[in-house]
Amino acid sequence: HLAKVCAKDLAIPGVAIDGAEYFCEVLPVEYAPCVQAVALSQHQRRPPDLGRIASFCDAGGDLPAARENGRWLGARIGQGIDYAAFSAKEVTRAAVEQELRRCGLVMLATHGHFDDQRPENSFLQLADHDWSALDMAALAPLERSPGVILAACEVSAADPGESPDADGVPGALLSAGAAFVLGSRWPVEDVSMGYLIERFVHHLTHVGLRPAAVLF
């Protein structure tokens, strides 16, 4: 099940790869329906401190599965980690930016939009604001270097067939100082994404691996 890295063919002697694909800029991902649409864009750095994790879900009040995933994830976080869940009207720009400066990991599960013509106009929908990539890039440096998980529509998308450069929302967050960004390339089924995030957080908090290896 190995094929493309950064949209370039990978030749593996003795292994047939016709029709197979995986999506990760550094390491391959085991092929399964719940992970085939997920990519990692990162600087090969771990957040320095995972003592606090925050989730922001369902800013528009119409994504009950995302809100439930945020609640469920809180019940699965290991001991010794402070977990804060925000939903609906609590998902404000001020709250998100505050937690990005306090947390080791922030999850954003709300509507968003990827603009393939002008990636800088891509945005996440918050309760009080459409938080654009330009807004994110203008943030004061995130000195705590949090990791960011984007469980939101196709905001981590790249143009089909092109190298998935870090632009749009992921690139803006990386330029602001995020250690890594984990996101879906197109809309992903909620239960699968929730399970993937739970496993990713589990290994990130319990194993001293870099993000690409954690995703693998």
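Provide the per-residue ³J(HN,Hα) series for the stretch 189-202, in order, calculated from phi with Karplus coefficients 6.51, -1.76, 1.60 and θ = phi - 60°, each as a whole number of Hz, with x at glycine and proline positions.
Per residue, the Karplus-derived 3J(HN,Hα) values read 4, 4, 5, 4, 5, x, 5, 4, 4, 4, 5, 4, 5, 4 Hz.
If amide hydrogens are placed 1.01 Å from N in the peptide plane, which non-local residues have theirs closer than 5 Å to the one on Ala85?
Ser55
Give me the 1.4 Å probe accessible area per residue for the stretch 104-151, excluding ligands and nucleic acids, in Å².
41
From the phi angles alone, apply the Karplus equation (6.51, -1.76, 1.60; θ = phi - 60°) to the stretch 130-142 and give each ³J(HN,Hα) in whole Hz, x where the residue is Gly or Pro.
For the stretch 130-142, the Karplus-derived couplings read 8, 7, 8, 4, 5, 4, 5, 5, 8, 4, 4, x, 7 Hz, x marking Gly and Pro.
With all protein chains present, calculate the accessible area of Arg144 using a 1.4 Å probe and round the result to the nearest 10 Å².
90
Treat each spin label as a single point 7 Å out from the Cα along the C-beta direction, and report the Asp62 to Ala94 distance in nm.
2.7
Once phi is turned into ³J(HN,Hα) by the Karplus curve 6.51 cos²θ - 1.76 cosθ + 1.60 with θ = phi - 60°, what whole-Hz value does each residue of the stretch 86-98 show in order, with x for glycine and proline?
10, 8, 6, 5, 6, 7, 9, 4, 4, 5, 4, 5, 5
For Tyr195 and Arg71, compute 0.36 nm times the residue count separating them, minus their Cα-Cα distance, and round to one decimal in nm.
Result for the pair: 43.4 nm of gain on full extension.
The values are calculated or read from the model by the stated rules, or taken from the named source; none is laboratory data. Being a predicted model, the structure only gives us computed values, none of them experimental. Cβ sites come from the backbone with ideal geometry, for glycine too, and all protein chains shown count toward neighbours. Areas reflect the complete protein model, heavy atoms only, side chains present, ligands, DNA and RNA absent. Shrake-Rupley method; radii C 1.70, N 1.55, O 1.52, S 1.80 Å.
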